[in-house]
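Novice: To start, I am sharing the structure in question, which I have written as structure tokens.
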Amino acid sequence: MKVKRQKRVAKILKYFHLNFGFRKPWNLLVDGTFCVACLQNKVNIKEQMPKYLEEVKLITTGCCITEMESIGSPELYGATLILKGIPLFRCDHKKAVSASACIKSLIGAGNQNHLIIASQDHNFRSELRGVAGIPLLYLHGNAPTLEKPSEMSESLTTRIADGKTNLSQHQQKILTELKKQTFGEPEPDEKKRKKRKGPKGPNPLSCKKSKKPKVQHLNATNEQSKKKRRKKKKNKGGGGENIENIES
């Protein structure tokens with residue numbers, strides 16, 4: 001497969017992965033018309049699809065097989081055998097319905113099963129383009145071709161990006177998962193963290209050594225206060241000595 005073509009396929013698949021939650025391995029649902037085209041163009045589905053889509057899981061439904069068998073044409077015998085060799089995807093139809101009705105019921109309103117539809121029915125693919133989030137694949141000659149996202153898909157993603165539409169519960173779940181994958185798990189709020197239970201350690205302030213007050217300066221001051229000096233002064237009139245002052 002050419003590099004340019006491979007990049008185009010990778011870009012489309014990345015679009016559906018980011019906007020609609022598609023994941024590897026991709027679920028490729030094949031109907032009878034696609035098997036007929038593969039047989040006519042000598043395309044081996046089990047070999048070519050993994051080369052084109054890389055990690056892919058081929059599936060079909062019981063209703064698709066029943067529709068091929070009910071036609072009963074010998075020309076469809078080989079395509080029917082190819083379809084029977086593909087694993088079945090449960091559709092829960094007790095009574096078989098047409099392949100297109102069966103696939104529509106699996107897709108529903110939002111393609112929650114993340115199915116890539118492979119069909120050569122042009123009218124059926126046109127109907128599916130009216131539902132957002134459905135990748136479509138067909139054979140162009142002998143080359144598998146993945147259609148670009150439909151206008152409905154691009155319109156929905158644009159409105160979501162602009163905040164002009166309300167997300168469904170399924171889309172909110174997808175958006176939450178994508179945020180986790182991109183940014184990781186959100187850190188818990190510090191206020192909501194539970195306190196660790198167990199014996200508490202000693203208070204670091206109580207472990208400090210007590211500081212003894214310095215008493216040297218106080219003792220020196222007390223000693224000086226106890227000393228008393230007396231000054232002797234002579235009286236002008238006599239030779240006697242009187243104690244005039246006692247200074248502390």
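The values are calculated or read from the model by the stated rules, or taken from the named source; none is laboratory data. If you're wondering where the values come from, they're calculated on a predicted model, not measured in any experiment. Positions of Cβ are generated from backbone atoms using ideal geometry, with glycine treated the same way; all protein chains shown enter the neighbour counts. Just the protein is used for accessible areas: all its heavy atoms, side chains included, with ligands, DNA and RNA removed. Shrake-Rupley method; radii C 1.70, N 1.55, O 1.52, S 1.80 Å.
Novice: Return yes or no: is residue 89 buried (at least 21 other Cβ atoms within 10 Å of the Cβ) and aromatic (Phe, Trp, Tyr)?
Specialist: So residue 89 fails the test.
Novice: Pull out all pairs, ordered by first then second residue, where Cβ-Cβ is under 6 Å, the residues are six or more apart or on different chains, the first lies in region 1-24 and is at positive phi, and the second is surrounded by 14 or more Cβ atoms within 10 Å (Cβ to Cβ).
Specialist: 21/174
Novice: Now a separate question. Restricting to helices (runs of 4 or more DSSP H) lying wholly in region 45-141: which have 2 or more residues that are touching a residue at least 40 places away in the same chain (Cβ under 8 Å)?
Specialist: Because the criterion is at least 2 residues that are touching a residue at least 40 places away in the same chain (Cβ under 8 Å), the helices (runs of 4 or more DSSP H) in region 45-141 that meet it are 45-53, 77-84, 99-107.
Novice: Among what's in region 25-36 and is open to solvent by 10 Å² or more (accessible area, probe 1.4 Å) and assigned to a helix (DSSP H, G or I), pick the residue that is farthest from residue 162 (Cα to Cα).
Specialist: 36
Novice: I'm told residue 22 meets every condition in (1) aromatic (Phe, Trp, Tyr); (2) outside any helix (DSSP H, G or I); (3) farther than 23 Å from residue 133 by Cα except one. Can you identify the failing condition by its number?
Specialist: Tallying (1) aromatic (Phe, Trp, Tyr); (2) outside any helix (DSSP H, G or I); (3) farther than 23 Å from residue 133 by Cα, residue 22 fails exactly one: (3).
Novice: Which condition number does residue 110 fail, the rest of (1) open to solvent by 60 Å² or more (accessible area, probe 1.4 Å); (2) in contact with a His (Cβ under 8 Å, 6 or more places away or on another chain) being met?
Specialist: (1)
Novice: Check residue 39 against each of (1) in contact with a Leu (Cβ under 7 Å, 6 or more places away or on another chain); (2) farther than 20 Å from residue 108 by Cβ; (3) of a type outside the set (Lys, Arg) and name the one condition it does not meet.
Specialist: So the condition that residue 39 fails would be (1).
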